[in-house]
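A short reminder: the numbers here are calculations on the coordinates, not readings from a lab. The structure displayed is predicted, hence computed values, not measured ones. Glycine gets a Cβ as well: all are built from the backbone with ideal geometry, and neighbour counts include every protein chain shown.
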Amino acid sequence: MKLLVLHTPKGGSGKSTVAREIAVAASLAGRNVAMADLDPQGTTAGWYRRRQAEAPALVRWSPGAPLEALEGAGLDWLVVDTPPATPPFLPALLAQADAVLVPVRPTPDDLLAAAPIARSLARCPSWAFVLSQVPPRSRLTDGAARQLASLGRVAPAQLTFRADFPAAAITGQAAVEFTGKAAEEARALAAYAATLLGEDLNGSAS
Ligand SMILES: Nc1ncnc2c1ncn2[C@@H]1O[C@H](COP(=O)(O)OP(=O)(O)OP(=O)(O)O)[C@@H](O)[C@H]1O
Ligand SMILES: [Mg+2]
């Protein structure tokens, strides 16, 4: 089982949105996926309560706890949503993570926070920034991508600011379950997340 963590202390940058888009996309691609919500705000848990479909599952799991039970249940991926903070469990969580994605909006405020985040992830085997809530047709994005690339890897897929993302969440869905550009972006991001985990989402699990 592979453990994918969404982390950044910066609030509102897109952790929960990216987590559910990737989890649903991977589930649609045939992976057995669960999500864990480590955020006391309960964004992902609330989304899951509104959801009709069972997959991906929502499981209770605490960083540091063994993963055998989840592996025994046949899970391929555990996608972990985290709070906008540096919680005490973070070192244990990062030690267990196979990959970490760090959503960043292309704004000076988010970019300012990126350097300390990159330093805190220096020991992670596989991590990348992912541009999130990107305004369409904005010059901000190229500059942000360049700045982030000087600090770490930047996902070649990004999520544009699109109404489909929050609209899907109303019914506990992900935009990747709709048709359109948001769905295409989410699929591309999930495919990239798979490569960070050493997998090919359109091929077989390793
Ligand atoms: N690509 C997007 N397009 C439009 N709206 C988005 C997009 N990504 C996120 N949002 C909206 O922005 C807000 C913050 O996103 P989200 O909850 O995913 O961030 P977060 O990092 O999990 O926040 P927190 O730090 O509070 O946990 C939400 O209202 C969400 O619906
Ligand atoms: Mg959140």
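With a cut-off of 8 Å between alpha carbons and a minimum separation of six or more residues, what is the relative contact order of the range 99-201 in percent?
25 percent
Can you compute the helix-only [θ] at 222 nm over the chain? Use -39500 (n - 2.57) per DSSP H run of at least 4 residues, normalise by all residues, nearest 500 deg cm²/dmol.
The per-residue figure over the chain is -11500 deg cm²/dmol.
Quick one: grab the alpha carbon gyration tensor of the range 1-97, order the square roots of its eigenvalues as a ≥ b ≥ c, and give me rounded if a/c is under 1.5, else prolate or oblate depending on whether a/b is larger than b/c.
oblate
With charges set only on the Cβ (+1 for Lys and Arg, -1 for Asp and Glu), what does the dipole of the chain come to about its Cα centre, in debye to the nearest 20?
Dipole magnitude for the chain comes out near 520 debye.
Looking at the square roots a ≥ b ≥ c of the eigenvalues of the Cα gyration tensor of the range 104-144, which shape do they give, rounded for a/c under 1.5, prolate if a/b is larger than b/c, or oblate?
Cα axes put the range 104-144 in the prolate bin.
Grab the Cα-Cα distance for Arg139 and Ala69, subtract it from 0.36 nm times how many residues apart they are, and report the gain in nm with one decimal.
Extra length available between Arg139 and Ala69 comes to 20.5 nm.
Can you compute the equivalent ellipsoid semi-axes for the chain, i.e. the square root of 5 times each eigenvalue of the Cα gyration tensor, sorted largest first and rounded to whole Å?
Computed over the chain, the values are 23, 20, 16 Å.
Arrange Arg50, Arg187, Arg137 by Cβ neighbour counts within 10 Å, fewest through most, would you?
Arg137, Arg50, Arg187
Of the listed peptides 152-158, 107-113, what is their order by residue-averaged count of other C-beta atoms within 10 Å, with the highest listed first?
Going from most to least packed, we get 152-158, 107-113.
Scan the chain and note any complete DSSP helix (H) whose C-alpha atoms cover at least 18 Å along its axis and whose Kyte-Doolittle average is 0.5 or more.
Span-like helices here: 15-28.
What's the extension gain from Glu184 to Arg60 if we count 0.36 nm per residue and subtract their Cα-Cα distance?
41.7 nm
For a test of the definition: using alpha carbon positions, the gyration tensor, and the 1.5 limit on a/c, classify the range 82-186 as rounded, prolate or oblate.
oblate
Please list, in order along the range 90-99, the HN-Hα scalar couplings obtained from phi with the Karplus expression 6.51 cos²θ - 1.76 cosθ + 1.60 (θ = phi - 60°), rounded to whole Hz, x for Gly and Pro.
4, x, 5, 5, 5, 5, 8, 5, 8, 7
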